[in-house]
Amino acid sequence: MRRIALLVLPLALAGCDRFAKTSTVTADDMSMGSPTAKVTMIEYASVACPHCAKFNNEVFPAFKTQFIDTGKVHYVFREMLVGNSDEMTTAAAGFLMARCAGKDKYFSVVDAIFRGQEAMFKSGDVKDALLAIGESTGMTEAQFNTCINDEAALKALNDRVQTYTTRDGIDSTPSFVINGKKLVGVPSMATLDKAIADAQSAS
């Protein structure tokens with residue numbers, strides 16, 4: 001078994017009551033759908049979080065078809081690092097690799113990690129599993145190793161996570177913000193239907 005050689009910088013994920021009701025989408029954000037949609041849904045998630053994987057695998061496909069692909073929702077994904085040190089290291093490596101793959105492949109890489117998450121953790125071969133996903137995008141092993149050990153990219157990731165924790169009040173994953181309203185946990189499609197309808201009527 002090969003371990004990921006990656007340093008995850010210390011990160012405080014303490015509870016926070018402060019929450020920014022509106023968050024400006026920036027060039028650092030990864031998004032899908034029309035930027036001019038009346039509703040923006042921001043998801044804060046970790047690729048090492050099993051609850052986030054459940055949302056991705058069981059709810060997100062229908063959500064994407066109904067709301068993102070139809071132009072009703074602008075979806076923004078924000079990367080979080082939560083859990084124990086191994087989970088944080090895995091998530092950091094996954095996110096760095098997804099960004100190295102490029103914006104056009106980012107979401108397919110994230111989806112592949114979510115769908116392989118359970119098997120990855122059961123086998124313990126996290127690096128091999130992530131490398132296989134990277135290679136499926138055309139990345140070589142050398143490029144993969146360079147990518148997940150990029151200290152500048154890792155610092156930028158940690159800085160983003162710290163901002164989401166302190167500014168947006170995010171202390172658990174998955175968390176969602178739909179036009180400024182916070183929703184925590186794995187929502188059903190019925191819950192999302194209502195939240196988006198409420199956001200549309202209020203806009």
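So is residue 70 loosely packed, with under 14 Cβ neighbours inside 10 Å and either touching a Cys at 6+ places or on another chain (Cβ under 6 Å) or among the polar types (S, T, N, Q) (or both) or not? Walk me through how you get there before you give the answer.
Values: loosely packed, with under 14 Cβ neighbours inside 10 Å: yes; either touching a Cys at 6+ places or on another chain (Cβ under 6 Å) or among the polar types (S, T, N, Q) (or both): yes.
Criteria met by residue 70.
Return yes or no: is residue 16 at pLDDT below 95 and either surrounded by fewer than 21 Cβ atoms within 10 Å (Cβ to Cβ) or assigned to a helix (DSSP H, G or I) (or both)? Break it down stepwise before answering.
On the way: at pLDDT below 95: yes; either surrounded by fewer than 21 Cβ atoms within 10 Å (Cβ to Cβ) or assigned to a helix (DSSP H, G or I) (or both): yes.
Yes; evaluated as a whole, the condition is true for this residue.
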For the stretch 151-161, the count of residues that are surrounded by fewer than 16 Cβ atoms within 10 Å (Cβ to Cβ) and not aliphatic (A, V, I, L, M) equals 3
Output for Cβ contacts, cut-off 7 Å, separation at least six or different chains, first residue free of Cβ contacts under 8 Å to residues at least 60 places away in the same chain in the stretch 50-68, second of a type in the set (Asp, Glu) and part of a helix (DSSP H, G or I), reads 56/111
Here the qualifying pairs (Cβ atoms under 9 Å; residues six or more apart or on different chains; first in the stretch 124-143 and under 10 Å from residue 101 (Cα atoms) and free of Cβ contacts under 8 Å to residues at least 40 places away in the same chain; second polar (S, T, N, Q) and exposed (fewer than 13 other Cβ atoms within 10 Å of the Cβ)) come out as 134/140
- Message: Condition (residue is under 14 Å from the mean Cα position of the chain (by Cα) and outside any strand (DSSP E or B)) applied to the stretch 152-159: is it met by at least one residue?
- Response: yes
Residue 176: passes all of (1) assigned to a strand (DSSP E or B); (2) surrounded by fewer than 16 Cβ atoms within 10 Å (Cβ to Cβ) but (2)
Checked the stretch 35-49 for anything crowded, with 16+ Cβ neighbours inside 10 Å, among the polar types (S, T, N, Q) and either in contact with a strand residue (DSSP E or B) (Cβ under 7 Å, 6 or more places away or on another chain) or without any contact (Cβ under 8 Å) to a residue 40 or more places away in the chain (or both); matches are 40
Taking the stretch 22-75 and keeping residues within 15 Å of the chain's Cα centre (by Cα), small (Gly, Ala, Ser) and within 26 Å of residue 119 (Cα to Cα) leaves 45, 46, 48, 53
So, first residue in contact (Cβ under 8 Å) with a residue 60 or more places away in the chain in the stretch 177-194, second residue basic (Lys, Arg) and outside any strand (DSSP E or B), Cβ within less than 7 Å, six or more apart or across chains; the pairs are 180/21; 186/54
- Task: Determine whether the stretch 176-196 contains at least one residue that is charged (D, E, K, R) and at pLDDT 95 or above.
- Result: yes
Counting only helices (runs of 4 or more DSSP H) entirely within the stretch 50-143, those with at least 2 residues that are under 23 Å from residue 162 (Cα atoms) are 50-54, 85-101, 103-123
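The values are calculated or read from the model by the stated rules, or taken from the named source; none is laboratory data. Here the structure is a predicted model, which means the values were calculated and not measured. Quick reminder, even Gly has a Cβ in these numbers, built from the backbone with ideal geometry, and neighbours come from all protein chains shown.
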